[in-house]
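The values are calculated or read from the model by the stated rules, or taken from the named source; none is laboratory data. This is a predicted model, so every value here is computed, not measured. Note that each Cβ is placed from the backbone with ideal geometry, even for glycine, and that neighbours are counted across all protein chains shown. For the accessible areas, the whole protein counts, side chains as well, though only heavy atoms, and no ligand, DNA or RNA atoms are used. Shrake-Rupley method; radii C 1.70, N 1.55, O 1.52, S 1.80 Å.
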Amino acid sequence: MQPLESYRDRFPILEHTTYLISHSLGPMPVGAEKNLLRYAREWRERGVRAWAEGWWEMSTTVGDQIGRIIGAAPGTTVMHQNVAVAQAVVVSCFEFEPPRNRIVYGEGEFPSVRYLYQAQRRRGAEVEVVTDAGAVLEAIDERTLLVPLSHILFKTSEIQDVEAVVRRSHEAGALVVLDAYQSVGSVPLDVTRLGVDFAVGGSVKWLCGGPGAGWLYVRPDLAERLEPTFTGWQAHARPFAFEPEHDYAEGAARFLTGTPNVPALYAATAGYDLVEEIGVERIRERSMQQTALLVDLLESAGFEIASPHDPVRRGGTVVVRTPEVEAVHRELDSREIVCDFRPDAGVRLGPHFFNTDDELRFAASQIAEIVETGAYLGAAS
């Protein structure tokens, strides 16, 4: 079995940077550049013929690769631009007519998701926002239609009890829309076993797939009967017949919209290949070791950890509270330690399979030095 640290040579930026992945763009694999060059070559040499030679089907073929990572059957996962679009397609399937017109979610959901569901009030939805997943369970009732839920909360890296929320939702006749952006590629997920109704995610984080490659999973029986109103010609059963009326394609393909983002999908698959090659279970095992090391190092230096201490409840990110978090983050970046921060949360450190323990020790020591010496004060201006 290939040592995980040996994968470092697949990411050129790691030659000069400590890259802790909790931010809006994971490191670019060598294979992504090669794939983009292949896309450019096909466009240059094949022109319009490239559509019939694989481009057109990429929304579903790449979706099937995501499906293998999340435990989904072939034909149940399709690609979109981002999570907001994927969720909007799901939302467009429903009318929000009383009595089943409630949407229930927790305060910790990502803003893009919250904005979309808040906007459904104009379509008749009753939107209830509660404190946490426990309160979500209590709020779900026979009037609830949709329950948006993050597998892992973006601010704290807390793993939510998806199984309990799915069970309670289904008891009440509601559907769960799982946002797995913060987990897929780092924490195992099996949407089929969990009975999730819909799942969405993207590729800029643990999948190292870059922007423009969101994805949507739809439970097979739902895919056969739902008809999104946010749609397009790729969702038609016979798109190249150019028929004037819609006839939905079968399966998850009916949840597609317009022409696919081909270059983004070419870029994304290189990261997916690595995740499949290594295996998410192995990545998770290493992640739990590394996040535990970070917690120990940072707490020993006197810092408060905002992430769960229980490794079973903690995702791949450790959130550490510091004074002037934005300034501390800026100083870290100047020292070639690439990480992230969230207001009112802290600095976010997300080791991935390619990081070494020495890099984590270095990052923790630099945070301590920056705070102890006040070096961040110069970065605050």
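Please work out if THR192 is assigned to a loop (DSSP other than H, G, I, E, B), in contact (Cβ under 8 Å) with a residue 12 or more places away in the chain and within 22 Å of the chain's Cα centre (by Cα).
Values: assigned to a loop (DSSP other than H, G, I, E, B): no; in contact (Cβ under 8 Å) with a residue 12 or more places away in the chain: yes; within 22 Å of the chain's Cα centre (by Cα): yes.
It is false that THR192 is assigned to a loop (DSSP other than H, G, I, E, B), in contact (Cβ under 8 Å) with a residue 12 or more places away in the chain and within 22 Å of the chain's Cα centre (by Cα).
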Being surrounded by fewer than 24 Cβ atoms within 10 Å (Cβ to Cβ), in contact (Cβ under 8 Å) with a residue 60 or more places away in the chain, in a helix (DSSP H, G or I) and not small (Gly, Ala, Ser) is the requirement here; does VAL85 meet it? yes
For the stretch 221-249, how many residues meet the condition of being more than 15 Å from THR61 (Cβ to Cβ) and touching a residue at least 40 places away in the same chain (Cβ under 8 Å)? 8
What's the total number of residues in the stretch 26-38 that are in contact (Cβ under 8 Å) with a residue 24 or more places away in the chain, of a type in the set (A, V, I, L, M) and surrounded by fewer than 14 Cβ atoms within 10 Å (Cβ to Cβ)? 1
Can you find even one residue in the stretch 49-58 that is assigned to a helix (DSSP H, G or I), open to solvent by less than 20 Å² (accessible area, probe 1.4 Å) and in contact with a strand residue (DSSP E or B) (Cβ under 6 Å, 6 or more places away or on another chain)? no
Name the residues in the stretch 216-261 that are among the aliphatic types (A, V, I, L, M) and either in a loop (DSSP other than H, G, I, E, B) or at pLDDT below 95 (or both), would you? LEU226, ALA237, ALA249, LEU256
Tell me the residue from GLU45, GLU33, GLU5 that is under 29 Å from VAL320 (Cβ atoms), charged (D, E, K, R) and part of a helix (DSSP H, G or I), please. GLU5
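Restricting attention to the stretch 275-294, and to residues there that are under 18 Å from TYR19 (Cα atoms) and open to solvent by 10 Å² or more (accessible area, probe 1.4 Å), which single residue is nearest to the chain's Cα centre (by Cα)?
Keep residues of the stretch 275-294 that are under 18 Å from TYR19 (Cα atoms), which gives 275, 283-284, 286-294.
Keeping just the survivors that are open to solvent by 10 Å² or more (accessible area, probe 1.4 Å) gives 284, 286, 288-289, 292-293.
Values: ARG284: 15, ARG286: 19, MET288: 19, GLN289: 22, ALA292: 22, LEU293: 24 Å.
Looking at residues that are under 18 Å from TYR19 (Cα atoms) and open to solvent by 10 Å² or more (accessible area, probe 1.4 Å), I get ARG284.
What are the residues in the stretch 335-352 that are on the phi > 0 side of the Ramachandran plot and open to solvent by less than 10 Å² (accessible area, probe 1.4 Å), if any?
GLY346
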Residues of the stretch 188-225 being open to solvent by less than 10 Å² (accessible area, probe 1.4 Å), of a type in the set (A, V, I, L, M, F, W, C) and touching a strand residue (DSSP E or B) at 6+ places or on another chain (Cβ under 9 Å), which ones? VAL191, VAL196, PHE198, ALA199, VAL200, LEU207, ALA213, TRP215, LEU216, VAL218, LEU222
Take the residues in the stretch 311-334 that are touching a strand residue (DSSP E or B) at 6+ places or on another chain (Cβ under 9 Å) and in a loop (DSSP other than H, G, I, E, B); name whichever of them is surrounded by the fewest Cβ atoms within 10 Å (Cβ to Cβ). VAL312
Hits in the stretch 116-126 - residues which are surrounded by fewer than 18 Cβ atoms within 10 Å (Cβ to Cβ) and outside any helix (DSSP H, G or I): GLY124, GLU126
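So, in the stretch 139-175, how many residues would count as being assigned to a strand (DSSP E or B) and surrounded by fewer than 18 Cβ atoms within 10 Å (Cβ to Cβ)? Let's see the steps before the verdict.
Start the filter on the stretch 139-175 by keeping residues that are assigned to a strand (DSSP E or B), which leaves 144-150, 152, 158-159, 175.
If we keep only those that are surrounded by fewer than 18 Cβ atoms within 10 Å (Cβ to Cβ) as well, we get none.
The number of residues fulfilling the criteria is 0.
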Looking at the structure I just gave you, is VAL176 in contact with a Ser or Thr (Cβ under 8 Å, 6 or more places away or on another chain), free of Cβ contacts under 8 Å to residues at least 40 places away in the same chain and of a type outside the set (Asp, Glu)? yes
